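Before any comments, here is the structure.
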Amino acid sequence: MTSNSLYPQAETIEQLRQNIDAVRQRIDQACTKAGRDPLEVRLLPVSKTHPAQYLRQAYAAGCRMFGENKVQEAYQKWQELDDLDNLKWCVIGHLQTNKAKYVARFASEFHALDSLRLAQALNQRLEIENRDLDVLIQINTSGEKSKYGIAPEQAAKLITQLEAFPRLHIRGLMTLAINSDDTEQVRSCFIKLRELRDQLKKIAPPKMQLTELSMGMSGDFELAIEEGATIVRIGQAIFGTREQPDSYYWPK
Ligand SMILES: *Cc1c(COP(=O)(O)O)cnc(C)c1O
(Lines give C-alpha, C1' and ligand atoms only; values in the text may rest on other atoms or scores of the structure.)
Protein backbone atom coordinates (compact mmCIF):
# COMPACT_ATOMS: atom_id res chain seq x y z
CA MET A 1 0.00 0.00 0.00
CA THR A 2 1.48 3.32 -1.04
CA SER A 3 0.46 5.26 2.03
CA ASN A 4 3.22 7.81 1.56
CA SER A 5 2.59 8.67 -2.05
CA LEU A 6 1.15 12.08 -2.79
CA TYR A 7 -2.14 12.53 -4.55
CA PRO A 8 -2.86 15.95 -6.02
CA GLN A 9 -5.61 18.00 -4.36
CA ALA A 10 -8.73 18.32 -6.45
CA GLU A 11 -10.01 21.84 -6.05
CA THR A 12 -12.60 22.41 -8.72
CA ILE A 13 -15.63 20.43 -9.81
CA GLU A 14 -13.83 19.76 -13.07
CA GLN A 15 -10.74 18.36 -11.30
CA LEU A 16 -12.96 16.23 -9.10
CA ARG A 17 -14.72 14.90 -12.16
CA GLN A 18 -11.38 14.08 -13.79
CA ASN A 19 -10.12 12.24 -10.73
CA ILE A 20 -13.33 10.26 -10.40
CA ASP A 21 -13.16 9.35 -14.09
CA ALA A 22 -9.51 8.35 -13.79
CA VAL A 23 -10.20 6.10 -10.79
CA ARG A 24 -13.22 4.62 -12.54
CA GLN A 25 -11.06 3.86 -15.57
CA ARG A 26 -8.48 2.13 -13.40
CA ILE A 27 -11.28 0.09 -11.82
CA ASP A 28 -12.58 -0.90 -15.25
CA GLN A 29 -9.10 -1.84 -16.43
CA ALA A 30 -8.49 -3.95 -13.34
CA CYS A 31 -11.81 -5.71 -14.00
CA THR A 32 -10.91 -6.41 -17.59
CA LYS A 33 -7.54 -7.76 -16.55
CA ALA A 34 -9.22 -10.04 -14.03
CA GLY A 35 -11.90 -11.17 -16.46
CA ARG A 36 -14.64 -9.48 -14.43
CA ASP A 37 -17.57 -7.32 -15.43
CA PRO A 38 -16.86 -3.67 -14.43
CA LEU A 39 -20.51 -3.35 -13.39
CA GLU A 40 -19.73 -5.69 -10.48
CA VAL A 41 -17.49 -3.11 -8.81
CA ARG A 42 -18.85 -0.01 -7.11
CA LEU A 43 -16.70 3.03 -6.37
CA LEU A 44 -17.39 4.45 -2.92
CA PRO A 45 -15.85 7.92 -2.55
CA VAL A 46 -14.46 8.39 0.98
CA SER A 47 -14.84 12.02 2.02
CA LYS A 48 -13.52 12.04 5.59
CA THR A 49 -11.74 15.22 6.76
CA HIS A 50 -13.22 17.26 3.91
CA PRO A 51 -15.77 19.93 4.85
CA ALA A 52 -19.39 19.82 3.72
CA GLN A 53 -18.86 22.74 1.37
CA TYR A 54 -16.29 20.70 -0.54
CA LEU A 55 -18.61 17.69 -0.63
CA ARG A 56 -21.12 19.90 -2.41
CA GLN A 57 -18.60 20.19 -5.24
CA ALA A 58 -18.09 16.43 -5.26
CA TYR A 59 -21.87 16.05 -5.47
CA ALA A 60 -21.85 18.43 -8.44
CA ALA A 61 -19.13 16.25 -9.95
CA GLY A 62 -21.47 13.27 -9.71
CA CYS A 63 -21.01 11.65 -6.28
CA ARG A 64 -24.26 10.32 -4.81
CA MET A 65 -22.84 8.46 -1.85
CA PHE A 66 -20.07 9.37 0.56
CA GLY A 67 -18.15 7.05 2.84
CA GLU A 68 -17.11 8.47 6.20
CA ASN A 69 -15.05 6.84 8.93
CA LYS A 70 -16.31 8.72 11.98
CA VAL A 71 -20.03 8.80 12.61
CA GLN A 72 -20.26 12.21 14.19
CA GLU A 73 -18.31 13.85 11.40
CA ALA A 74 -20.65 12.15 8.92
CA TYR A 75 -23.77 13.07 10.86
CA GLN A 76 -22.84 16.73 10.84
CA LYS A 77 -22.21 16.74 7.08
CA TRP A 78 -25.51 14.96 6.51
CA GLN A 79 -27.26 17.76 8.37
CA GLU A 80 -25.42 20.43 6.40
CA LEU A 81 -26.18 18.79 3.06
CA ASP A 82 -29.79 17.80 3.60
CA ASP A 83 -30.90 19.95 0.68
CA LEU A 84 -29.13 17.66 -1.82
CA ASP A 85 -31.43 15.10 -3.44
CA ASN A 86 -30.63 11.39 -3.52
CA LEU A 87 -27.44 11.70 -1.52
CA LYS A 88 -26.62 8.64 0.59
CA TRP A 89 -24.17 7.99 3.38
CA CYS A 90 -22.06 5.01 4.25
CA VAL A 91 -20.27 4.70 7.59
CA ILE A 92 -17.08 2.67 7.18
CA GLY A 93 -15.35 3.08 10.56
CA HIS A 94 -15.60 1.42 13.95
CA LEU A 95 -18.74 2.39 15.83
CA GLN A 96 -19.28 2.53 19.58
CA THR A 97 -22.59 1.02 20.64
CA ASN A 98 -23.71 4.27 22.23
CA LYS A 99 -23.46 5.99 18.85
CA ALA A 100 -25.69 3.51 17.02
CA LYS A 101 -28.50 6.05 17.12
CA TYR A 102 -26.68 8.36 14.73
CA VAL A 103 -26.05 5.70 12.13
CA ALA A 104 -29.69 4.60 12.42
CA ARG A 105 -30.86 8.11 11.67
CA PHE A 106 -29.06 8.89 8.43
CA ALA A 107 -26.82 6.15 7.03
CA SER A 108 -27.96 3.73 4.37
CA GLU A 109 -24.89 1.50 4.63
CA PHE A 110 -22.58 0.46 7.44
CA HIS A 111 -19.38 -1.47 6.72
CA ALA A 112 -17.95 -2.04 10.19
CA LEU A 113 -20.25 -4.35 12.14
CA ASP A 114 -18.02 -6.13 14.64
CA SER A 115 -20.18 -7.38 17.50
CA LEU A 116 -23.54 -8.81 18.42
CA ARG A 117 -24.10 -5.99 20.89
CA LEU A 118 -23.68 -3.42 18.16
CA ALA A 119 -26.08 -5.31 15.90
CA GLN A 120 -28.63 -5.29 18.70
CA ALA A 121 -28.23 -1.57 19.31
CA LEU A 122 -28.46 -0.73 15.61
CA ASN A 123 -31.55 -2.85 15.09
CA GLN A 124 -33.26 -1.28 18.08
CA ARG A 125 -32.48 2.25 16.92
CA LEU A 126 -33.54 1.47 13.36
CA GLU A 127 -36.90 0.32 14.69
CA ILE A 128 -37.36 3.68 16.35
CA GLU A 129 -36.39 5.54 13.18
CA ASN A 130 -38.40 3.14 11.01
CA ARG A 131 -35.38 2.67 8.77
CA ASP A 132 -33.33 -0.21 7.37
CA LEU A 133 -29.59 -0.54 6.95
CA ASP A 134 -27.33 -2.46 4.57
CA VAL A 135 -24.57 -3.96 6.66
CA LEU A 136 -21.16 -5.52 6.08
CA ILE A 137 -19.27 -7.37 8.78
CA GLN A 138 -15.73 -6.12 9.29
CA ILE A 139 -13.14 -8.88 9.40
CA ASN A 140 -9.62 -8.48 10.71
CA THR A 141 -7.82 -10.37 7.94
CA SER A 142 -4.30 -9.21 8.81
CA GLY A 143 -4.36 -10.33 12.42
CA GLU A 144 -2.87 -6.99 13.48
CA LYS A 145 -3.93 -6.01 16.99
CA SER A 146 -4.42 -2.45 15.83
CA LYS A 147 -7.13 -3.33 13.34
CA TYR A 148 -10.81 -3.40 14.15
CA GLY A 149 -13.05 -6.22 13.03
CA ILE A 150 -13.71 -9.74 14.23
CA ALA A 151 -11.36 -12.65 13.70
CA PRO A 152 -12.31 -14.77 10.66
CA GLU A 153 -13.09 -17.73 12.96
CA GLN A 154 -15.78 -15.71 14.75
CA ALA A 155 -17.73 -14.81 11.65
CA ALA A 156 -19.82 -17.97 11.28
CA LYS A 157 -21.28 -17.66 14.75
CA LEU A 158 -22.09 -13.98 14.33
CA ILE A 159 -23.75 -14.57 10.96
CA THR A 160 -26.21 -17.07 12.41
CA GLN A 161 -27.05 -14.69 15.27
CA LEU A 162 -27.78 -11.78 12.94
CA GLU A 163 -30.96 -13.37 11.61
CA ALA A 164 -32.66 -12.00 14.71
CA PHE A 165 -32.36 -8.41 13.49
CA PRO A 166 -34.83 -7.69 10.69
CA ARG A 167 -33.71 -4.09 10.19
CA LEU A 168 -30.19 -5.16 9.29
CA HIS A 169 -29.63 -6.47 5.77
CA ILE A 170 -26.36 -8.32 5.86
CA ARG A 171 -24.77 -7.94 2.43
CA GLY A 172 -21.24 -9.23 2.89
CA LEU A 173 -17.85 -8.54 4.42
CA MET A 174 -15.39 -5.67 4.70
CA THR A 175 -11.69 -5.55 5.48
CA LEU A 176 -8.67 -3.28 5.64
CA ALA A 177 -5.60 -5.05 4.29
CA ILE A 178 -2.28 -4.95 6.07
CA ASN A 179 -0.43 -1.68 5.44
CA SER A 180 2.63 -3.07 3.71
CA ASP A 181 4.69 -2.67 0.56
CA ASP A 182 4.69 -6.44 0.22
CA THR A 183 2.03 -7.01 -2.42
CA GLU A 184 1.62 -10.68 -1.57
CA GLN A 185 0.87 -9.90 2.07
CA VAL A 186 -1.75 -7.37 1.01
CA ARG A 187 -3.20 -9.82 -1.49
CA SER A 188 -3.46 -12.56 1.12
CA CYS A 189 -5.79 -10.34 3.19
CA PHE A 190 -8.10 -9.95 0.20
CA ILE A 191 -8.00 -13.67 -0.59
CA LYS A 192 -8.83 -14.44 3.04
CA LEU A 193 -11.91 -12.21 2.88
CA ARG A 194 -13.16 -13.77 -0.34
CA GLU A 195 -12.62 -17.33 0.87
CA LEU A 196 -14.35 -16.56 4.15
CA ARG A 197 -17.31 -15.08 2.29
CA ASP A 198 -17.54 -18.21 0.14
CA GLN A 199 -17.56 -20.42 3.25
CA LEU A 200 -20.13 -18.28 5.03
CA LYS A 201 -22.46 -18.43 2.05
CA LYS A 202 -22.88 -22.12 2.73
CA ILE A 203 -24.08 -21.65 6.29
CA ALA A 204 -25.84 -18.28 6.03
CA PRO A 205 -29.63 -18.10 6.41
CA PRO A 206 -31.27 -18.45 2.98
CA LYS A 207 -32.38 -14.82 2.83
CA MET A 208 -28.90 -13.50 3.55
CA GLN A 209 -27.12 -12.86 0.26
CA LEU A 210 -23.46 -12.35 0.97
CA THR A 211 -22.60 -10.76 -2.34
CA GLU A 212 -20.48 -7.82 -1.25
CA LEU A 213 -16.76 -7.67 -0.58
CA SER A 214 -15.77 -4.16 0.50
CA MET A 215 -12.00 -4.14 0.14
CA GLY A 216 -9.37 -1.93 -1.47
CA MET A 217 -8.43 1.71 -0.91
CA SER A 218 -6.45 4.26 -2.93
CA GLY A 219 -3.19 2.36 -2.54
CA ASP A 220 -4.37 -1.19 -3.17
CA PHE A 221 -7.73 -1.25 -4.96
CA GLU A 222 -6.53 -2.88 -8.17
CA LEU A 223 -5.21 -5.82 -6.19
CA ALA A 224 -8.51 -6.02 -4.31
CA ILE A 225 -10.43 -6.12 -7.58
CA GLU A 226 -8.25 -8.96 -8.82
CA GLU A 227 -9.30 -10.87 -5.70
CA GLY A 228 -13.01 -10.17 -5.98
CA ALA A 229 -13.81 -6.75 -4.46
CA THR A 230 -17.32 -5.50 -5.24
CA ILE A 231 -16.94 -2.17 -3.42
CA VAL A 232 -13.69 -0.17 -3.35
CA ARG A 233 -13.43 2.65 -0.80
CA ILE A 234 -11.42 5.46 -2.33
CA GLY A 235 -10.52 8.74 -0.66
CA GLN A 236 -7.14 10.18 -1.53
CA ALA A 237 -7.01 9.14 -5.19
CA ILE A 238 -10.13 11.26 -5.72
CA PHE A 239 -9.83 14.14 -3.28
CA GLY A 240 -6.07 14.36 -2.72
CA THR A 241 -3.69 13.41 0.06
CA ARG A 242 -5.17 13.85 3.52
CA GLU A 243 -3.29 15.80 6.13
CA GLN A 244 -4.58 13.70 8.99
CA PRO A 245 -2.51 10.58 9.48
CA ASP A 246 -4.35 7.26 9.28
CA SER A 247 -3.75 6.78 13.00
CA TYR A 248 -6.44 9.40 13.56
CA TYR A 249 -8.92 6.98 12.04
CA TRP A 250 -7.67 3.67 13.29
CA PRO A 251 -5.24 3.02 16.12
CA LYS A 252 -1.67 2.03 15.32
C1 LIG B 1 -10.04 6.50 4.85
C2 LIG B 1 -10.54 5.14 4.61
C3 LIG B 1 -10.50 4.58 3.32
C4 LIG B 1 -9.95 5.30 2.12
O5 LIG B 1 -8.57 5.43 2.19
P6 LIG B 1 -7.78 6.26 1.02
O7 LIG B 1 -6.37 5.99 1.28
O8 LIG B 1 -8.17 7.69 1.24
O9 LIG B 1 -8.29 5.75 -0.26
C10 LIG B 1 -10.99 3.29 3.15
N11 LIG B 1 -11.51 2.59 4.20
C12 LIG B 1 -11.58 3.11 5.44
C13 LIG B 1 -12.17 2.28 6.53
C14 LIG B 1 -11.11 4.39 5.69
O15 LIG B 1 -11.19 4.90 6.92
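The values are calculated or read from the model by the stated rules, or taken from the named source; none is laboratory data. Because the structure is predicted, anything quoted here is derived from the model rather than measured. Here the Cβ is made from the backbone with ideal geometry for all residues, glycine too, and neighbour counts use every protein chain on show. Side chains included, ligands, DNA and RNA excluded: accessible areas come from the protein's heavy atoms. Shrake-Rupley method; radii C 1.70, N 1.55, O 1.52, S 1.80 Å.
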Among PHE106, ILE27, CYS189, whose Cα projects farthest towards the positive end of the dipole of the chain, with charges put on the beta-carbon of Lys, Arg (+1) and Asp, Glu (-1)? PHE106
Of the candidates GLY67, ILE150, LEU168, the farthest towards the positive dipole end of the range 53-172 (Lys/Arg Cβ +1, Asp/Glu Cβ -1, centred on the Cα centre) is ILE150
Hey, which lysines would be in cross-link range of LYS192, C-alpha to C-alpha under 25 Å, not counting anything within fewer than 8 residues on its own chain? LYS33, LYS145, LYS147, LYS157, LYS201, LYS202, LYS207, LYS252
Between GLU153 and LEU116, what's the calculated FRET efficiency when r is the beta-carbon distance and R0 is 25 Å? Round to 0.05. 0.95
Stick to the Cα atoms of the range 96-180, pair each with every other, and give me the Kirkwood hydrodynamic radius in Å at one decimal. 13.1
In the calculated pair distance distribution of the range 1-104, what percentage of Cα-Cα distances lie above 17 Å? 60
Once the Cα gyration tensor of the chain is diagonalised, what are the square roots of 5 times its eigenvalues, in whole Å and ordered largest first, as equivalent ellipsoid semi-axes? 26, 23, 17
Nearest 500 deg cm²/dmol is fine: what mean residue ellipticity at 222 nm does the chain get from its DSSP H runs of n ≥ 4 alone, each adding -39,500 (n - 2.57), divided by its residue count? -12000 deg cm²/dmol
Taking all protein chains together and a probe of 1.4 Å, list LYS77, LYS207, LYS157 from the most accessible to the least accessible. LYS207, LYS157, LYS77
Rounded to the nearest 20 debye, what is the charge dipole size of the chain about its Cα centre when +1 sits on each Lys and Arg Cβ and -1 on each Asp and Glu Cβ? 640
Run the accessible area of the chain with a 1.4 Å probe and give the carbon-and-sulfur part as a rounded percent. 46
HN-Hα J in Hz across the range 33-50 - Karplus 6.51, -1.76, 1.60, θ = phi - 60°, x for Gly and Pro: 4, 8, x, 10, 7, x, 5, 6, 10, 9, 8, 9, x, 9, 9, 4, 6, 8
Residue-normalised accessible area of the chain, given per residue in Å² at a 1.4 Å probe: 47
